[in-house]
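Here the structure comes first, spelled out in structure tokens, and everything after it is commentary.
Only the coordinates and a few stated rules stand behind these numbers; no lab work does. Worth saying up front: this structure is predicted, and the values here are computed from it rather than measured. Cβ placement follows ideal geometry from the backbone for every residue including glycine, while neighbour counts extend to all protein chains displayed.
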Amino acid sequence: MVDLVIKNSKLVLPDGIVEAGIVINNGRIEDIKKNANLPVADRVIDCNGNYVLPGMIDPHVHFREPGAVSKEGWITGSKAAAAGGITTVIDMPNTQPPTASLEELMKKREIAKSKALIDYGFHFAATLENQKEIIRLDRDIASVKFYTSSTIGSLIVDNDAIIFEDFQILAEKDLIATVHAENQIMIDYWVGKLKESNVNDPLKYAEARGNICAAVSLNSIIYLSRIVGNKLHIVHVSTREEVDLIRKFKNEKLTAEVSPHHLFLNKDDIKNLGSYSKVHPPLRSKADQNVLWEALHDGTIDMIASDHAPHLRESKEVDIFSASAGFPEVETTLPLLLNEVHNKRLTLNLIAKITAENPAKVFRIENKGMIKKGLDADLIIVDMNKKKKVDEEKLFTKCGWSPYRGRTLKGWPIKTLVRGNIVFDDGTIYGENRGTEIKYY
């Protein structure tokens with residue numbers, strides 16, 4: 001007798017959608033069979049004709065632990081992720097203290113091991129002074145993250161010579177350099193001028209951190225990477241200029257992601273959101289947004305990554321210069337995407353590719369990313385006819401708000417399974433599952 005059978009489902013497989021069931025044993029997909037041929041099982045989940053997608057892999061979250069658990073932590077963050085159909089996250093290194101040494105990496109591993117309800121991995125931070133730590137790294141991390149503009153702590157790396165040397169080290173190790181590309185000198189100049197004018201205007205703040213700040217930085221980063229020959233991944237692409245650069249130099253070593261807020265929000269939303277709209281890089285124009293959608297469809301952009309960056313209301317409800325930058329996103333990313341299936345802008349197969357298959361491939365994640373024999377039974381059951389509004393009072397994220405508040409979306413996850421264990425079931429979180437750290441090939 002097998003552990004679990006999922007029946008009466010429409011499976012979103014790499015080569016299409018089929019009506020079939022899944023046989024699960026020891027947390028892995030043992031077989032995919034027609035419903036009539038499914039074996040007897042200890043547990044049975046009847047999907048009643050709903051779709052099953054591979055569990056989402058979100059390669060860009062800020063779960064804030066250690067250092068800022070008032071905003072989020074591994075428990076609340078993984079609950080929110082599970083509610084959004086995310087079964088694996090990769091946490092960014094700009095915690096307090098940052099994940100910029102092997103010692104801090106081990107500490108974060110212990111925290112996640114004891115608290116995460118879903119599977120997880122880590123990015124490591126580059127700094128101006130930790131090259132010796134990068135040399136000591138094994139290949140048991142997703143990437144080394146470079147911030148070319150300011151973030152929490154002292155993580156900015158604004159010296160091209162150091163970036164060049166670090167890229168050389170990573171090329172030898174066959175590790176990815178993940179880069180937040182914005183030019184801090186240009187940002188400081190234009191935001192400084194705005195401050196001097198005493199204008200507290202969220203839209204003008206976004207425009208002061210304009211497209212050129214991202215494009216100039218990305219151009220330099222791509223040039224350095226092409227000389228070295230290392231793998232390069234660009235996070236939260238937001239402008240047409242960045243898309244043009246990535247498309248021009250696209251190859252197997254250059255990959256990119258886009259965040260949902262740059263697909264589903266733009267500068268027209270800043271007036272209503274006020275200081276809640278602050279995010280780095282900022283919300284862009286409708287024209288930029290349209291280019292991002294085109295790049296997602298033609299493969300210039302490889303994946304969706306939430307950039308889940310929760311902040312408490314009190315740190316957003318201040319002037320635009322003092323406000324914290326970022327949005328909570330893990331619970332709403334999949335519903336936003338599913339809603340676009342009804343709008344004919346996405347297909348379920350493309351969603352599976354950009355939220356699971358491609359992240360697993362780019363970041364070398366073993367046994368995940370598809371509904372396939374032998375892989376982990378990380379699965380989402382979605383009801384494409386379920387329609388509801390984004391309700392802040394029902395969110396699991398600790399910060400308790402969303403930039404999509406009140407937006408009606410059609411298509412929601414109703415069950416999330418991690419290695420065959422139900423973690424989320426129609427509004428209820430089951431905390432018995434313990435997440436495990438992902439492995440890399």
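Derived scalar couplings between HN and Hα for segment 241-247 equal 5, 5, 4, 4, 5, 5, 4 Hz in order, rounded to whole Hz, by the Karplus curve 6.51 cos²θ - 1.76 cosθ + 1.60 (θ = phi - 60°), x for Gly and Pro. For N266, neighbours were defined as the other residues whose beta-carbon sits under 13 Å from its Cβ, and their charges (Lys and Arg +1, Asp and Glu -1) total +1.
Checking every one of the trypsin sites (Lys or Arg not before Pro) in segment 126-204 against DSSP loop status and a limit of 11 other Cβ atoms within 10 Å picks out R139. Phi angles across segment 379-389 convert, under the Karplus curve 6.51 cos²θ - 1.76 cosθ + 1.60 with θ = phi - 60°, into 3J(HN,Hα) values of 9, 10, 9, 10, 9, 6, 9, 6, 10, 7, 8 Hz, Gly and Pro given as x. Residues whose amide H lies under 5 Å from that of F122, counting only those 5 or more places away or on a different chain, are D91, A142; hydrogens are built 1.01 Å from N in the peptide plane.
Relative to its Kirkwood radius, the Cα radius of gyration of segment 227-268 gives an Rg/Rh of 1.05.
Quick check: the angle from helix 160-173's long axis to the longest principal axis of the chain, C-alpha only, nearest 10 degrees? In the chain, helix 160-173 runs at an angle near 30 degrees to the longest axis. Taking only alpha carbon atoms, the chain gives an Rg to Rh ratio of 0.96, where Rh is the Kirkwood radius. Residues V199, V216, V157 in ascending order of nearby Cβ atoms (within 10 Å, fewest first): V199, V216, V157.
Relative to the dominant Cα principal axis of the chain, helix 102-115 is inclined by about 40°. Segment 386-441 has equivalent-ellipsoid semi-axes of 26, 14, 12 Å, by the square roots of 5 times the alpha carbon gyration tensor eigenvalues, sorted largest first. Bridgeable lysines around K398 (alpha carbons under 16 Å apart, same-chain partners fewer than 8 residues away excluded): K71, K79, K115, K316. Among the DSSP beta bridges whose two residues both lie in the chain, what percent are antiparallel, rounded to the nearest 5? Close to 50 percent. Local charge sum around K107 (other residues, Cβ-Cβ under 12 Å, Lys/Arg +1, Asp/Glu -1)? Residues close to K107 contribute a combined charge of -1. Residues whose amide H lies under 5 Å from that of H311, counting only those 5 or more places away or on a different chain, are absent; hydrogens are built 1.01 Å from N in the peptide plane.
Calculated mean residue ellipticity, 222 nm, the chain: -9000 deg cm²/dmol, from DSSP H runs (n ≥ 4) at -39500 (n - 2.57) each, averaged per residue and rounded to 500. Out of every Cα-Cα pair that segment 100-227 contains, those further apart than 27 angstrom amount to 31 percent. Here the Karplus relation 6.51 cos²θ - 1.76 cosθ + 1.60, evaluated at θ = phi - 60°, turns the backbone of segment 276-288 into coupling constants of 5, 6, 5, 7, 10, x, x, 5, 10, 7, 4, 5, 4 Hz, with x for every Gly and Pro.
For I45, the amide hydrogen comes within under 5 Å of the amide hydrogens of V5, I6, K7, counting only partners 5 or more places away or on other chains and with H modelled in the peptide plane. Specify the angular offset, from 0 to 90 degrees and rounded to the nearest 10, of the alpha carbon long axis of helix 211-228 from the longest principal axis of the alpha carbons in the chain. The answer is roughly 80 degrees.
Expressed as a whole percent, how much of the Cα-Cα distance distribution for segment 172-326 exceeds 23 Å? Counting every Cα pair in segment 172-326, those more than 23 Å apart make up 38 percent. In summary, the lysines within cross-link reach of K34, defined as a Cα separation below 23 angstrom excluding same-chain residues under 8 places away, comprise K7, K10, K368, K372, K373, K415. Computed over segment 34-178, the P(r) tail beyond 24 angstrom holds 41 percent of alpha carbon pairs.
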